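Beneath this line is the structure, given in structure tokens, with notes to follow.
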Amino acid sequence: MAKTSTTTQGLRAAIERSGYYPALVAEAVEAAVGGEPIRSYLVHQETTFDQNEVRRHVTVLVLTDNRFIVSHTDEQAADTTSPTPYATTSTESVKIGRISSIVVSRVVANPESYKPGTLPREVVLTIGWGAVSRIDLEPAACGDPNCEADHGYTGNSTADDLSLRVSEAGDGPETVRQALAFAQALSEATADTAR
């Protein structure tokens, strides 16, 4: 990452603020970004409870001029493969032109009195680029309730690459703003490549 960029410094500060293994997360993200300038980013930490364990997960999304970069870092307790706790970090780099869908779902309180510019209570950002798809199949049927013929199967294929939920109550208003800004920047970038 170019160390003089304000956006790069903002990303680094957001990773530091997450408090979640910042040196490890930053190194993985910086290696994936390389020397490209950063157009937008989103850092989201999620804490989950798994039986009697607390687990943390951080997702970092970065948009450059040419790529969409996703970084996930998870911590794991000691297990049969490691006598000490450990973390796993992965990064994926996707060419902007491969992004096939961006869905932004907004949850707004009191919609009857909504005023433009009001921050949503929560935002769910779903991005698809074809790496992961889910197929839901069920037996097909016809309208005849007495029909016993085999009509094969019917189903849906759904892109399921990334879905990220942020809320004002859980993540704070600034993270919700950042999610909306990132979604807009990504939408604009994909529109630019479609021309």
(request) Confirm whether SER93 is open to solvent by 50 Å² or more (accessible area, probe 1.4 Å) and touching a residue at least 12 places away in the same chain (Cβ under 8 Å). (result) yes
(request) Could you tell me whether segment 131-141 includes any residue that is in a loop (DSSP other than H, G, I, E, B), more than 28 Å from VAL176 (Cβ to Cβ) and open to solvent by 80 Å² or more (accessible area, probe 1.4 Å)? (result) yes
(request) Look at VAL124 and say whether it is part of a strand (DSSP E or B), in contact (Cβ under 8 Å) with a residue 60 or more places away in the chain, closer than 28 Å to GLU16 by Cα and among the aliphatic types (A, V, I, L, M). (result) no
(message) Going through THR175, THR193 one at a time, which residue ends up being among the β-branched types (Val, Ile, Thr) and at pLDDT 90 or above?
(response) THR175
(request) Go through the residues of segment 40-60 one by one and say whether even a single one is among the charged types (D, E, K, R), farther than 13 Å from SER71 by Cβ and either in contact with a helix residue (DSSP H, G or I) (Cβ under 8 Å, 6 or more places away or on another chain) or open to solvent by less than 40 Å² (accessible area, probe 1.4 Å) (or both). (result) no
(message) For segment 128-170, give me each residue that is among the hydrophobic types (A, V, I, L, M, F, W, C), under 30 Å from TYR41 (Cα atoms) and at pLDDT below 80.
(response) ALA131, VAL132, ALA159
(message) Scan segment 110-119 and tell me whether some residue there is outside any loop (DSSP other than H, G, I, E, B), in contact (Cβ under 8 Å) with a residue 12 or more places away in the chain and of a type in the set (D, E, K, R).
(response) no
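The values are calculated or read from the model by the stated rules, or taken from the named source; none is laboratory data. Since this is a predicted model, take the numbers as computed values, not measurements. Cβ atoms come from the backbone with ideal geometry, glycine included; neighbour counts cover every protein chain shown. Ligands, DNA and RNA are stripped out before the accessible areas are found, and what is left, the full protein with its side chains, is counted by its heavy atoms. Shrake-Rupley method; radii C 1.70, N 1.55, O 1.52, S 1.80 Å.
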